Amino acid sequence: MRAFLNELSNLFFPNCCPVCGTGLLPSEEGVCLQCLHTLPKTNNFTEPDNFAETLLAGRFPFERAATFCAYSKQGVLQPLIYQLKYNNKKEIGILLGKLFGKDLLGSEFIKPIEFIVPVPLHPKKQKQRGYNQAETIADGLSETTSIPVSSGNLVRSIFNPTQTKRTKTQRWENVKGIFDVLHPAMYADKHILLVDDIITTGSTLEACAYALLKSPGIKISIATLGEVF
Ligand SMILES: [Zn+2]
């Protein structure tokens, strides 16, 4: 139904770039090329102790963490993430994931990764949205790096309210223990890349890691499209 309504709205309102509002060419997927070129990339996957690594340091054991772009309320990434999460534009997640994967390709960051694991949504939320936005990013990353996506093993077992208006401590209380790994043996001695749309406080990633560490010998790296600072 949602897909049908989207088709219908595209029929009456031509597909526009959510950043600058110009009409999209048939070859452009969800965002115009000009805006894509202005994305504030961090290129921090080569940078030890970058923003994400500093934020997560000491909270759980991880190998590396990297982000694709800076995220701010007025920035180019904000309307793209908004469209991805709330307006059924999953092609934006796939596209940005592909571009991120292209940058990571051949790097020491991506070489050891064996599985790409998206942060899961609760099944109820995923049904409402029609897809998991983190999984679209994982799919894009997989397309350019050829590393398989593993979804369905890390699961969200508790439906929690939205994170937006919570303090850091409240957020941690809100997500602690809500993730689980169904088959820990699958990730034993594997190096996985945990993927999400944005890193804010890192509490969701921390809660995922808490569940993932049930797998003996697991190594965790982190990749998100945006970093909020
Ligand atoms: Zn544009």
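The values are calculated or read from the model by the stated rules, or taken from the named source; none is laboratory data. What you are looking at is a predicted structure, and each value in this text was computed from that prediction instead of being measured. Backbone-built Cβ (ideal geometry, glycine too); neighbour counts: all protein chains shown.
Matching residues to (1) more than 15 Å from the ligand (Cβ to nearest atom); (2) within 20 Å of the chain's Cα centre (by Cα); (3) modelled with pLDDT under 95:
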{"residue": "Leu24", "(1), (2), (3)": "no, no, yes"}
{"residue": "Phe45", "(1), (2), (3)": "yes, yes, no"}
{"residue": "Phe51", "(1), (2), (3)": "yes, yes, no"}
{"residue": "Leu55", "(1), (2), (3)": "yes, yes, no"}
{"residue": "Glu63", "(1), (2), (3)": "yes, yes, no"}
{"residue": "Phe68", "(1), (2), (3)": "yes, yes, no"}
{"residue": "Val76", "(1), (2), (3)": "no, yes, yes"}
{"residue": "Glu91", "(1), (2), (3)": "no, yes, yes"}
Could you please give the count of residues in the stretch 68-122 that are touching a Pro at 6+ places or on another chain (Cβ under 9 Å) and of a type in the set (S, T, N, Q)?
3
Go through the residues of the stretch 10-20 one by one and say whether even a single one is modelled with pLDDT of 95 or more, in a loop (DSSP other than H, G, I, E, B) and farther than 19 Å from Ile198 by Cβ.
no
Which of (1) in contact with a Phe, Trp or Tyr (Cβ under 7 Å, 6 or more places away or on another chain); (2) surrounded by fewer than 15 Cβ atoms within 10 Å (Cβ to Cβ); (3) modelled with pLDDT of 95 or more does Lys102 not meet, given it meets every other one?
(1)
